[in-house]
Structure formats: structure tokens, C-alpha cells
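Beneath this line is the structure, given in C-alpha cells, with notes to follow.
Every read-out reported here was derived from the displayed coordinates using simple, explicitly stated rules and does not represent laboratory data. Because the structure is a prediction, the values reported are computed rather than measured. Cβ atoms come from the backbone with ideal geometry, glycine included; neighbour counts cover every protein chain shown.
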Amino acid sequence: MSTKSLSIVFGLAFLAVGLLGFIDNPIVGESPGAIFHADLLHNGVHIASGVLFLLIAVIAPRGAGTFMIIFGIVYLLIGILGLIDIGTGGMGKILGILHVNGADNILHIGLGLLILLSGLMGRRPAEA
């Protein structure tokens, strides 16, 4: 799969999660029972991230791999900071801004690695 296609997939996924955060559900949101905590700002970050992925795919598809590498590193760092500050349990704010819980930290690390590796794989020369 090309980095452009992956960028579209990640973009749609981030948009969906951002919008899902506004609907009461057990997966993502502000309700106490939600697995992943996402308040208004966190939902906005997901939506903005999705829009960026889609814009890169459409406007600058050749830059999609580089964008995914940078985005993956940032997401990985956010997850690591969350683990250092909050751990895998509890809830808090990363850098005093982004409200997360322990499950978010694990997810951010996993997504960071997945997005980073997706960007790196797109840079590999095609095999004949």
C-alpha cells in the first residue's frame, strides 16, 4: 500500500475517532467508563490530525511518507511522556494541556510506532 493510501486510511481513522469522541460511547470520550479518555481538545486534535493526513495525501502525496515519519515520532513521544507522567493507570494532562489516561498512553505509543513504520516502509525501494 502506498504512503498516499496509508495517509488516507489514517486520516479517515483519526476523523472517525475525533467525531466518535463527541458521542457518548464506551470506547472514546469523556464518560467515566470510556476506555480512552478524550475531551473537547483531544477530539479536536484527532480531527485536525485526520485533516492533515488527508490534506497531505491529496496536496503533497510524495511527502506523505515524511509526514508519517514525523507524525509517528511526535505521537510516540506523546505516549512516552504520558507513561512517564501518568503511567498505565490513572488520568492526567500531558504537558499540562492534553488530557489522557493510561490506555491513551499505550495507544499513542502503538499508533506512533505503526505510523512511523508505515512512513519508513514507504521509503523502501520497490522490489522487482
Going fewest to most other Cβ atoms within 10 Å around each Cβ, Thr66, Thr3 line up as Thr66, Thr3
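Taking 22 Å as R0, compute the FRET efficiency from the Cβ-Cβ separation of Asp39 and Leu77 and round it to 0.05.
Working from the Cβ atoms, E equals 0.60.
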With the dipole of the stretch 9-128 defined by +1 on each Lys or Arg Cβ and -1 on each Asp or Glu Cβ, the option from Gly50, Thr88, Ile70 whose Cα lies farthest towards the positive pole is Ile70
Extension length gain for Ile70 and Ala48 (0.36 nm per residue less Cα distance), in nm, is 6.4 nm
Using alpha carbon centers only, the stretch 1-44 is separated from the stretch 53-128 by a whole-angstrom value of 13 Å
Here the gain from full extension of Leu120 to Leu19, 0.36 nm per residue of separation minus their alpha-carbon distance, amounts to 33.5 nm
The answer for Phe36, listing residues at least 5 apart or on another chain whose modeled amide H is closer than 5 Å to its amide H, is Val28, Gly29
